[in-house]
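Peer 1: So that we are looking at the same thing, I have put the structure below in structure tokens.
The values are calculated or read from the model by the stated rules, or taken from the named source; none is laboratory data. Not measured: the values here are computed from a predicted model. Here the Cβ positions follow ideal geometry from the backbone for every residue, glycine too, while neighbour counts run over all protein chains shown. Heads up: the accessible areas ignore ligands, DNA and RNA and are worked out on the full protein's heavy atoms, side chains in. Shrake-Rupley method; radii C 1.70, N 1.55, O 1.52, S 1.80 Å.
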Amino acid sequence: MSRRLKFMAYFDELTQDRQKCPTGDLASVIANGMPGGHVMGDAERLWYYIIVATAGHDTTSFALSGGLEALLRSPDQLWAMRDEPALAANAAEEIIRWTTPVRHFMRYATRPTSVEGFDVAEGGRVLLCYPSANRDEEVFSDPDRFDIGRTDADRLLSFGYGTHFCLAAHVARREIRAIITRLADQLEHIEPAGPAEWVSAYFVSGVKHLPIRYRFT
Ligand code: HEM
């Protein structure tokens, strides 16, 4: 069965289940969504699921795993959030800057242009290298330092820029904020239980395994 047919079969089953018994989760919203008052077409619905399952999955999970890895190396920053929950919003920005889960996209010039003084011919390729942008020392002070209190964290470019700016940046920010707030509030103890393992990938990438020992209050 082709990958597309497998996706269709999987999500059709999910749709039927959530149409019969909505649970209030995101799949129920998609299964029962009536954009503009109209029932969604099958293809439209399928692509909503696919966007969430692809663009919306390993991006946020790599931000979280990498963010936790950074917090474990600097646990005082985690406990600072427990004492001052308002720090979580900036911490989420810093986690997304620090981890930069999407490593790059490519643009093709539709006409001759120049970027920062470099000439680009029509059809020329421009690599948008987000990790590099997020470590730009002209934008971020001490960019190689993970600091949830930094005042320039919101200048991050992890979500891209311009027309194709991430459609769900607000969802990603909220997910990360919600989870780190809960962690900071409920963790009594956390420590590494082995070395972190990184995915060897150059498109969407980050910490794949992060063994930890923890105790909730
Ligand atoms: C930390 C998490 C995330 C990061 C770092 C991230 C990053 C990006 C980047 C770099 C782009 C391309 C921007 C460009 O080409 O200029 C993008 C586009 C996109 N993202 Fe995200 N993303 C994240 C989370 C999500 C989530 C949770 C969803 C959906 C539930 C999502 C859906 C999309 C979609 C649909 C696009 C295409 C927008 C377009 O081409 O107009 N992303 N994202």
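Peer 1: Condition check: away from the ligand (no atom under 14 Å from the Cβ) and under 21 Å from the mean Cα position of the chain (by Cα). Does Arg103 satisfy that?
Peer 2: no
Peer 1: Right, another one. Given the residues Glu69, Glu93, which is the only one that is touching a residue at least 24 places away in the same chain (Cβ under 8 Å) and more than 22 Å from Pro192 (Cβ to Cβ)?
Peer 2: Residue meeting the stated conditions: Glu93.
Peer 1: If you don't mind, another one. Among all residue pairs at least 6 apart or on different chains, which show Cβ distances below 6 Å where the first residue, located in the range 147-164, is within 16 Å of the ligand (Cβ to nearest atom) and the second is open to solvent by 60 Å² or more (accessible area, probe 1.4 Å)?
Peer 2: Correct list of pairs: Phe159/Phe165.
Peer 1: If you don't mind, another one. Which residue, of Ala70, Ala27, is touching a helix residue (DSSP H, G or I) at 6+ places or on another chain (Cβ under 8 Å) and under 30 Å from Glu191 (Cα atoms)?
Peer 2: Selected residue: Ala70, the only one of Ala70, Ala27 that is touching a helix residue (DSSP H, G or I) at 6+ places or on another chain (Cβ under 8 Å) and under 30 Å from Glu191 (Cα atoms).
Peer 1: Taking helices (runs of 4 or more DSSP H) that fall entirely within the range 43-139, which contain at least 2 residues that are polar (S, T, N, Q) and in contact with a strand residue (DSSP E or B) (Cβ under 7 Å, 6 or more places away or on another chain)?
Peer 2: The qualifying helices (runs of 4 or more DSSP H) are 58-73.
Peer 1: If the Cβ limit is 6 Å and pairs must be 6+ apart or interchain, which residue in the range 33-60 that is free of Cβ contacts under 8 Å to residues at least 24 places away in the same chain and open to solvent by less than 30 Å² (accessible area, probe 1.4 Å) pairs with which residue that is of a type in the set (A, V, I, L, M) and part of a loop (DSSP other than H, G, I, E, B)?
Peer 2: Hits for this filter: Gly33/Met40.
Peer 1: Listed residues Arg177, Arg135, Arg173, Arg182; which is surrounded by 14 or more Cβ atoms within 10 Å (Cβ to Cβ) and either over 13 Å from Arg97 (Cα atoms) or of a type in the set (Val, Ile, Thr) (or both)?
Peer 2: None of the others qualify; the one that does is Arg177.
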